[in-house]
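Accompanying notes for the structure given below.
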Amino acid sequence: MIELKHLRTLQALRHTGSLAAAAAQLHQTQSALSHQFSDLEQRLGFRLFVRKSQPLRFTPQGEILLQLAEQILPQIQQALQACHEPHQTTLRIAIECHSCIQWLTPALNNFRQSWPQVVMDFKSGVTFDPQPALQQGELDVVLTSDILPRSGLFYSPMFDYEVRLVLAPDHPLAQREHISPEDLADEVLLIYPVQRQRLDIWRHFLQPAGVSPALKSVDNTLLMIQMVSARMGIAALPHWVVESFEHQGLVVTKTLGEGLWSRLYAAMRDGEQRQPVLEAFARFARQHACDHLPFVRDASRPGSLQPLSS
């Protein structure tokens, strides 16, 4: 029956001394405020203050409710402030982007300088599936390019990157201007140990064309580059990952079709994305990546796709 607005109004009356001044302080009309009190007093069955008294005088019942306002409202304000304080002391992170660790480690060093009280914990493993673990509360954030529909997760955009075909310099396809899906039909495609449906090159380039090259799993990026350089297969990797190897002459890269672009997200449970620690982590990671990685575009800038909540 008694609402917070009523307590705030009683407090404004005490501080200002008149209904007109209280209405001005609360950004209401005097008529609306008077109506609010009349309605409340009718429902309560007693008066809260004496009309037209100078200075304004509260009834005994009004004094009781005013004391309640003086006790409750500061507690509510303190509680709201506490809700915005960084209570989270452990940040459990997992990455589905196998190459992200190259830039994420220095980004985390920057984050740690501003949030020294937060302990970061990495979860990993070949058979570990991060997004379900995030849904179940075992993780706090996952760096991923995959969006699970209707998952209850919020996907904060990090950056966009081009997936390039990676070849040995003397590979026949290295001389092609344009790469079509059919060009890869007889190749061995080196991939990370994940389901092929999670690969951008499979979902958006090969599968629509009905092309299915041989696949071979490789555990890490450096080994994959060495195998490509030795003509043991080809790969499809983010351009920023292979830029230094291409500069050394170990591999060359080619555009897939008209250009195959993907987006990296920081996934977190929907409703928790405004927590200060998670907001700061996403901001530091995005800023470091966009400042230091070649060939990427900041996905949070105006004109980019909006964050996804599914």
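The values are calculated or read from the model by the stated rules, or taken from the named source; none is laboratory data. Quick caveat: nothing in here was measured; it's all calculated off a predicted structure. Neighbour counts run over all protein chains shown; Cβ positions are idealised from the backbone, glycine included. Side chains included, ligands, DNA and RNA excluded: accessible areas come from the protein's heavy atoms. Shrake-Rupley method; radii C 1.70, N 1.55, O 1.52, S 1.80 Å.
What does the charge count near ARG57 come to, summing +1 for each Lys or Arg and -1 for each Asp or Glu among other residues with Cβ under 14 Å from its Cβ?
Local net charge: +3.
Considering only protein heavy atoms, what per residue accessible area in square angstrom results for the chain with a 1.4 angstrom probe?
Roughly 53 Å² per residue, with all protein chains present.
By how many nm would the segment from ASP129 to ALA24 lengthen if fully extended, with 0.36 nm per residue of separation less the alpha-carbon distance?
So the chain would gain 32.1 nm between ASP129 and ALA24.
Carbon and sulfur together cover what percent of the accessible area of the chain at a 1.4 Å probe radius?
Roughly 51 percent of what the probe reaches on the chain is carbon or sulfur.
What Kirkwood Rh does region 1-138 have if only Cα atoms enter the pairwise 1/r average? Answer in Å.
19.7 Å
Around MET120, which amide H atoms from residues at least 5 apart in sequence, or from another chain, sit under 5 Å from its own amide H, with H modelled in the peptide plane?
It is LEU91, by chain and number.
Near the amide H of ILE179, under 5 Å away, which other amide H atoms are found, from residues 5 or more places off or on another chain, if H is placed in the peptide plane?
Under 5 Å from the amide H of ILE179 lie the amide H atoms of GLY257, each far enough along the sequence or on another chain.
With a 1.4 Å probe and all protein chains in place, put LYS52, LYS254 in order of accessible area, largest first.
Per-residue accessible area, sorted high to low, gives LYS52, LYS254.
Under the Karplus relation 6.51 cos²θ - 1.76 cosθ + 1.60, θ = phi - 60°, what is the ordered set of whole-Hz ³J(HN,Hα) values for region 7-13, x standing for Gly and Pro?
Going residue by residue, I get 5, 5, 5, 4, 5, 5, 4 Hz, with x marking Gly and Pro.
Report the residue, chosen from HIS247, HIS204, HIS288, that carries the largest GNM mean-square fluctuation when the chain is represented by alpha-carbon nodes joined by springs under 10 Å.
Among HIS247, HIS204, HIS288, the largest GNM mean-square fluctuation belongs to HIS247.
About the Cα centre of region 153-267, how large is the charge dipole given +1 on each Lys and Arg Cβ and -1 on each Asp and Glu Cβ? Please answer in debye to the nearest 20.
320 debye
What are the semi-axes of the equivalent ellipsoid of region 156-208, taken as the square roots of 5 times the eigenvalues of the Cα gyration tensor, listed largest first and rounded to whole Å?
Working through the eigenvalues yields semi-axes of 22, 15, 12 Å.
Residues with amide H under 5 Å of PHE49's amide H, sequence separation 5 or more or different chain, H placed in the peptide plane at 1.01 Å from N; which?
For PHE49, the qualifying residues are THR59.
What is the spin-label model distance, in nm, from ARG203 to ARG150 if the labels are put 7 Å beyond Cα along the C-beta direction?
Distance between label points: 1.7 nm.
Taking the Cβ of ALA69 as the center, what net charge do the other residues with Cβ under 13 Å away carry, scoring Lys and Arg +1 and Asp and Glu -1?
So the environment of ALA69 carries a net charge of 0.
Could you give the angle, 0 to 90 degrees to the nearest 10, between helix 101-114's Cα long axis and the longest principal axis of the Cα atoms of the chain?
30 degrees
Give me P(r) over region 142-260, computed from all C-alpha to C-alpha distances, binned every 5 Å, as integer percentages.
Using 5 Å bins, I get a P(r) of 2, 11, 21, 24, 20, 12, 6, 3, 1, 0 for region 142-260.
Report the Stokes-Einstein translational diffusion coefficient (µm² s⁻¹, integer) for the chain, Rh taken as the Kirkwood radius over Cα pairs, at 25 °C with viscosity 0.890 mPa s.
The diffusion coefficient I find is 103 µm²/s.
Quick check of the Kirkwood formula: for region 99-186, what is the inverse mean of 1/r over all pairs of different Cα atoms, in Å?
For region 99-186, the Kirkwood estimate is 17.1 Å.
Roll a 1.4 Å probe over the protein heavy atoms and report the accessible area of THR29 in Å², nearest 10.
Number for this one is 80 Å².
Mind pulling the angle between the C-alpha long axis of helix 30-44 and the longest principal axis of the chain? Nearest 10 degrees, somewhere in 0 to 90.
With rounding to tens, the tilt is 80 degrees.
In degrees from 0 to 90, rounded to the nearest 10, what is the angle of the helix 60-83 Cα long axis to the longest principal axis of the chain?
With both axes taken from Cα atoms, the answer is about 10 degrees.
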